[in-house]
C-alpha cells in the first residue's frame, strides 16, 4: 500500500511540473552585420539570441539578449553584453508588458512597461558610473494599438506577427514605445506592406513577405522579411554611411540575398 501511495505521489508531482512548464514555441539567433558604403567593409556587429515561450493559453513571452561582436562596440561600452529584453503579449500579440536591462560602461539602465487597458505605466531607472541616479515614472494614455519601435530583433518578431496575423490595411501607423526616452516615450511607427520578394540562401530560393517600418522622427527605417506564417527571417536598413543587415543565423547560416 505504501509503495502504491509513493508511486501515486510521484506521478502527481510529475504531472504538476509538466503542467506548469513553459512551452518553447520558437528559439534561435539573429546575426547583425554592418557594411560600410565607402569601403564595402563587412563586419559582424553582434548576435541576438531569442526564445518565444507560451506562458499559458492567453500569453506569450519573448526574451532576447544582445551580445556585441564588434570591437568598436565592445570598446565603447566596455562589455559585450549590451542588453536583455522581455516582452509579454496576449494570444493576439498585443503588448502587455515590456522590460529592458542594460549594464555597460555608461551605467545601469532598467526600463519596465505594463499596459492596463488604455493606460501604459512606464518606469525608468538609470544609475551612471558617477553614482548619480535618475528615477522616473509616468502613465500615458493609449489612443491606438501599442507596439515597440523595433530597435531589436525581439521587438521585430512581435511587429512581424502583428503584420501577418492582424493587419488588414496596406499601410498603418501604430503608437510605438521608445523605451530609452522617458520624456517622450511614444512615437508614431508607420508600417507598410511591400510586394513579396524571393530570397536566396545557398542553393535554396524561397518566397518572402516584405514590409517597411519608419519612425516619425526619421531616426530609422527598416525593411523586414518573413515567412508566410509571420516567422521573422531578417531585416535591412541603412544610414548615410552604413548598411545594416540582420538574419536568422540558425535558419540561414550563410545569410540570404534578396533577389531583384
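Here, each number is a calculation from the coordinates, and none is a lab measurement. None of the values given here were measured: they were computed from a predicted structure. Backbone-built Cβ (ideal geometry, glycine too); neighbour counts: all protein chains shown.
Summary table
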quantity	calculated
Residue 211 being crowded, with 18+ Cβ neighbours inside 10 Å and either under 24 Å from residue 46 (Cβ atoms) or touching a helix residue (DSSP H, G or I) at 6+ places or on another chain (Cβ under 6 Å) (or both)	yes
Residues that are over 20 Å from the mean Cα position of the chain (by Cα) and part of a loop (DSSP other than H, G, I, E, B), drawn from segment 167-182	168, 169, 170
Any hit, segment 183-201, residues being closer than 23 Å to residue 110 by Cα, in contact (Cβ under 8 Å) with a residue 60 or more places away in the chain, touching a strand residue (DSSP E or B) at 6+ places or on another chain (Cβ under 8 Å) and not in a strand (DSSP E or B)	yes
Some residue of segment 105-128 being surrounded by fewer than 19 Cβ atoms within 10 Å (Cβ to Cβ) and touching a helix residue (DSSP H, G or I) at 6+ places or on another chain (Cβ under 6 Å)	yes
Matching residues, segment 234-246, being part of a strand (DSSP E or B) and either without any contact (Cβ under 8 Å) to a residue 12 or more places away in the chain or under 13 Å from residue 222 (Cβ atoms) (or both)	234, 235, 236, 237, 238, 243, 244, 245, 246
